[in-house]
1. For K332, what accessible area in Å² do you get when you roll a 1.4 Å probe over the heavy atoms of the protein chains, rounding to the nearest 10?
2. For D335, D156, write out the residues from largest to smallest accessible area, computed with a 1.4 angstrom probe and no ligands counted.
3. For region 394-523, what percent of Cα pairs sit more than 21 Å apart?
4. Under 19 Å from the Cα of K332, which lysines turn up, not counting those fewer than eight places away in the same chain?
5. Could you give each residue of region 426-439 its phi-based ³J(HN,Hα) in whole Hz, using Karplus coefficients 6.51, -1.76, 1.60 with θ = phi - 60°, and x for Gly or Pro?
6. Return the sequence-ordered ³J(HN,Hα) values of region 150-160 in whole Hz as given by the Karplus equation 6.51 cos²θ - 1.76 cosθ + 1.60 applied to θ = phi - 60°, using x for Gly and Pro.
7. Give me the percent of accessible area attributable to carbon and sulfur for region 59-162, probe 1.4 angstrom.
8. Which of the pairs K432/K470; K60/K113; K48/K153; K123/K153 have their Cα atoms more than 22 Å apart in this structure?
Amino acid sequence: MGSERLYGKVTRRKENHLSLFGITLLLCMIIQPIHLQASDSVETLMAKGDSCRDLCFYKKAQAFYQQAYDHLSDADDPEQQMQLLERIMRTHFMMSHWKQMPEASYQLYHLAKHHHHSIYLSKALYMSGIRKYMQGEKEVGYKTCLEAMEIMKNTDYSKKNHELSVSYALLTNMYTTDKRFDDALRMLKEEERYAHQESVDGTCELCMRRVTVNRMHLLASMGRYSEADSLYHCYSNIDKLDPISGFALLSYYRLSGKTDEALRFIEIGRRHLIEDGDTIGRTMLRLLNDQGTIYRQLGEYQKAAECYADIGRISDSISNCTLRLMSEEVYKVIDNEHAIAQHRQMLIITIAGIVLLLTIILLLARHSFMEQRKNRSMMNTVQQLMRYRDQIVQNGDPVETDENNSSEVVAAERQRFKEVDKRIMKERLFAKPDFGRDDLMRLLGVDKNTLPSLIQRYSGTNVPGYVNNKRMEYAVSLIKQHPEYTLGAISEACGIKSSATFIRNFKLAYGMTPSDFRKQLEEDNLAPPQY
């Protein structure tokens, strides 16, 4: 019959017919009329997809629907998103895309639940029930489908009766396949009731034809062939079928032994898949399997072998395609993990660098604070020493000599050292670069063996240290009185030819460089007075 063209993708598994009549259901469920408010490009793509779907070109329809959905953004109308997700979900199921179909169903379910849209919630839940049935959870699948239909019954959907009629039709075929004939008869009765109520766009006649064919299929499955044949003679003159009727008719052909009609039906379906460009899909595999089984039953083993050989080639192509997609996904996951690991590594390095930098800054700040504190303390000590020295130079030794506890020789020796020390400071004898041991021996009137002990006794250091202390004391006074002097000029005025030697000796004497001492003086001069 010419009407069989509508069922090009209708087939079944050798063990289970569910996939076949699931596909036929999805084609017959007419999607709600859409009045898009979106851009013309999305509207045009949806219209093209609907046209391809009505002609059973599911692969082409899916491409248009997916392209339209990719054009949408989060700011678009949720109603439009749900309409497209419904189309994508059903076309994926028609083509046995068992991975993509649940993903679209999941998105549609949560979007409809978020917006409290009972119609699309019911449709998504129904597809979830079908999926559970196919995974072997049959009772859960039946229960989920019935729950979805109860939700649909409570909506104001304009095509509610048609939707329910189709849903009960699919359940009729599911129960028939499971040989649960009492349940199948109950579902068929509900299907017929809603088909009578359907009157949108003249689809009531189409729904009643589906009821007739499903009854024919059920009677044949129950072994009541004469009753089924009587219905078929009336049905054979009908030139228009819907997908569920197509599946039921094919099943009736198989059960009643009408192999010629079944082979012709399958051949039409294969040509239609070729026209749609879906030649290596699972639907083609099922058609070839049914065709090979029929040929084998007829004893035409050569033709059966050709069908099975085609199945092998298509299976290899599907496997290679699946492996390629899986490899691409694995590589994407690996790349993502590498990117995440690299990002984390860079983050850790950055944090460690920041922590290290902060630590260094804190250590430098602490070191600077401690240096300033030490320099200030040292400067105070130096100033006290300088004031004490000035006092000695101007007024003599303020400390009384206890003549009772010292011998006359020691007292004379001490007095002689003090007088020489004052002369050295007043006349700045140390400013001569070659001032040293011989000059001190001459001034003190002692020999070279007595000089070291004498200097050690009254100055607390050796001869070079004594000379260096005098020079550094003078350097301190010059730094205080003449901040404009360079370190080189001060070094030369103190009797030291090398600036590096001057800096080293100054730090050895006071624990800070001449520059630090000058800087500390400037800070103290700028600081407010302490009360």
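1. 130 Å²
2. Numbers: D335 95, D156 155 Å².
From most exposed to least exposed: D156, D335.
3. Working: 3902 of 8385 pairs.
That tail contains 47 percent of the Cα-Cα pairs.
4. Reachable lysines: K99.
5. So the J values, rounded to whole Hz, are 5, 8, 6, 5, 5, 5, 6, x, 9, 5, x, 4, 5, 5.
6. Working through the residues one at a time gives 5, 5, 4, 4, 8, 9, 9, 4, 5, 9, 4 Hz.
7. Taking all protein chains in place, region 59-162 shows 50 percent carbon and sulfur surface.
8. Values: K432/K470 12 Å; K60/K113 29 Å; K48/K153 31 Å; K123/K153 12 Å.
Where the Cα-Cα span goes over 22 Å, the pairs concerned are K60/K113; K48/K153.
The values are calculated or read from the model by the stated rules, or taken from the named source; none is laboratory data. All of these numbers come straight from a predicted model, not from anything done at the bench. Ideal geometry is used to build each Cβ from the backbone, glycine not excepted, and the neighbour counts take in all protein chains shown. In case anyone asks, the SASA skips ligands and DNA or RNA and just uses the protein heavy atoms, side chains included. Shrake-Rupley method; radii C 1.70, N 1.55, O 1.52, S 1.80 Å.
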